[in-house]
1. Would you please give the FRET efficiency between D67 and V96, computed as 1/(1 + (r/R0)^6) with r the Cβ-Cβ distance and R0 = 22 Å, to the nearest 0.05?
2. Report the calculated FRET efficiency for K31 and A111 (r = Cβ-Cβ distance, R0 = 30 Å), to the nearest 0.05.
3. Roughly how tilted is helix 2-17, in degrees to the nearest 10 and between 0 and 90, from the longest Cα axis of the chain?
4. Give me a comma-separated list of calculated 3J(HN,Hα) values for segment 44-59, in order, Karplus coefficients 6.51, -1.76, 1.60 applied at θ = phi - 60°, integers in Hz, x for any Gly or Pro.
5. Starting from the Cα gyration tensor of segment 15-85, multiply each eigenvalue by 5, take the square root, and state the resulting semi-axes largest first in whole Å.
6. Once both labels are modelled 7 Å past Cα along the beta-carbon direction, what's the D103-L56 spacing in nm?
7. For K31, go through the lysines and keep the ones whose alpha-carbon is under 18 Å away, minus same-chain ones fewer than eight residues off.
Amino acid sequence: MKNLLFPVLAALAFSVLAQPRVVDGVLTDSKGMTLYVWDNDLSVPGKIQCVGVCTLSWPPMLAGESDKPTGEYTRIAREDAKKQWAYKGRPLYLWVNDGKPGDRTGDGFRAGTWHLVRP
């Protein structure tokens, strides 16, 4: 049993940390959950503004140390030293109220400051 558990956990970790992909014209994580950007992250380029309580509603799309970004994808260091995926320099987030792949309920949230990412 122990020998079977490790490959399963490793596969789950890889799928969570994999580079974003495009599904139906928007960026998603490996599970098909929609990714968003926040206008407030533009106030200080390269510095993530969604920290603390913000991440309860907008979890960051984390990247692993061994993940190799390609194209316009990068990894940005968070205050907790974890790495977060970014697209064109903008940190990527999930929205806690998107319940299933393909949901896009966070677009335009908080006076239009949260947006879908359309490459």
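The numbers here are math on the coordinates, done by the rules we state, and not lab data. The structure presented is a predicted model; accordingly, all values stated were derived computationally and were not measured. Ideal geometry is used to build each Cβ from the backbone, glycine not excepted, and the neighbour counts take in all protein chains shown.
1. 0.45
2. 0.60
3. That helix lies at roughly 20 degrees to the long axis.
4. 9, x, x, 10, 7, 9, 7, 10, x, 4, 4, 6, 5, 9, 10, x
5. Ellipsoid half-lengths, sorted descending, are 19, 15, 12 Å.
6. That separation, rounded to one decimal, is 1.8 nm.
7. Reachable lysines: K100.
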